[in-house]
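What follows is one structure encoded as structure tokens, with my remarks underneath.
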Amino acid sequence: MDKKIINIKDMEFIKLQDKNINMLFSTAKNNVSFKIGSNELYNHLDDLKEDLNLKDFKFLEQIHGNKIYNIDKDFGLDIKKGDGLYTKRKSIAIGVFTADCVPVILYDNKNNIISAVHSGWKGTFEEISGKAVDIFIKNGSNPSNIKVIIGPHICSKCYEVSEELIEKFKSKDIFNNFKIHEGRFLNLENCVKSQLLYRGIKEENIISLKICTLCEKNIKLHSYRKDKENSGRLISFIYMN
């Protein structure tokens, strides 16, 4: 898989490519933000559509749940409320916005299906990534062919939560395949991996960028824990040529 840093206008991205599948994860270089509702969001998306020769760019009003939309059927002109998208259409980008939550990108380039998922703690607990795998399987994918990229998110050393939340995750058997906490520090990445492995995804087909939005020193990123309401948003998106 090819991985490199690219720049589009004033935007910087970590780009991964696997045959006809393209996955881009923004940084906060030049203070670029993709906060929904802002004028700059639409300006940035227009620039991306032009530069990448995309027909459209679909996104959601994220609500920290596990609702996933098929943009080939469910999308009109209005912006849907949910936290995941999938499509079989080419030259259509689908993306999610994060600032500590986990962006999860899934694809099967043998069955030509892609998905972008926003997985905060609530969506993670409700198994939104696993639900995306279920959708792929219903659409003809073999789990052994599904690949997953986990983008920049808050790491387990930085994500301190309540004891009640730790117990909530521990009470669900599906999350017991990995060590999911150290004291009150929750490992969202391992919680995501657990639900993927449970559904037959090969461990070698799950790739994490291993970049923490809070403690990463070499790449500028947005973090809600660091900047609260002043935090910008990163975008993680995927499209097929």
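General remarks:
- Using a probe radius of 1.4 angstrom, the carbon and sulfur fraction of the accessible surface of the range 1-151 is 43%.
- In order along the range 25-37, the phi-based Karplus estimate (6.51 cos²θ - 1.76 cosθ + 1.60, θ = phi - 60°) of 3J(HN,Hα) comes to 10, 6, 10, 9, 4, 6, 6, 5, 9, 10, 6, 5, x Hz; Gly and Pro are listed as x.
- Scoring 209-219, 55-65, 127-137, 20-30 by mean Cβ neighbours within 10 Å over their residues and listing the highest first yields 127-137, 20-30, 55-65, 209-219.
- Spin-label model distance (nm) - residue 171 vs residue 139, 7 Å beyond Cα toward Cβ: 3.4 nm
- More than 18 angstrom apart: percent of Cα pairs within the range 147-212: 36 percent
- Proximal lysines to residue 138, defined as alpha-carbon separation beneath 19 angstrom and excluding residues fewer than eight positions away on the same chain: 67, 73, 88, 110, 147, 202
- Considering only 21, 156, 6, the residue lying farthest towards the positive end of the dipole of the chain is 21, judged by Cα position with unit charges set on Cβ.
- Of all DSSP beta bridges in the range 3-240, antiparallel share, percent nearest 5: 80 percent
- Computed log₁₀ I(q)/I(0) - Debye formula, equal Cα scatterers, no solvent, the range 3-240, q 0.08, 0.15 Å⁻¹: -0.26, -0.99
- Probe 1.4 Å, accessible area per residue of the range 160-241, Å²: 53 Å²
- Taking Cα centre as origin and charging only the Cβ of basic (Lys, Arg, +1) and acidic (Asp, Glu, -1) residues, the dipole magnitude of the range 3-240 rounds to 480 debye.
- Helical runs assigned H by DSSP (4 residues or longer) give the chain a calculated mean residue ellipticity at 222 nm of -6000 deg cm²/dmol, each run adding -39500 (n - 2.57) before division by the residue total.
- Rg(Cα)/(2.2 N^0.38 Å) for the range 118-241, N = residue count: 1.10
- With R₀ fixed at 25 Å, the C-beta to C-beta distance from residue 43 to residue 15 puts the FRET efficiency at about 0.75.
The values are calculated or read from the model by the stated rules, or taken from the named source; none is laboratory data. All values reported here derive from a predicted model rather than from experimental measurement. In this analysis, Cβ positions are derived from the backbone assuming ideal geometry, glycine residues included, and neighbour counts consider all displayed protein chains. Side chains are part of the model used for accessible areas, which takes the heavy atoms of the whole protein and leaves out ligands, DNA and RNA. Shrake-Rupley method; radii C 1.70, N 1.55, O 1.52, S 1.80 Å.
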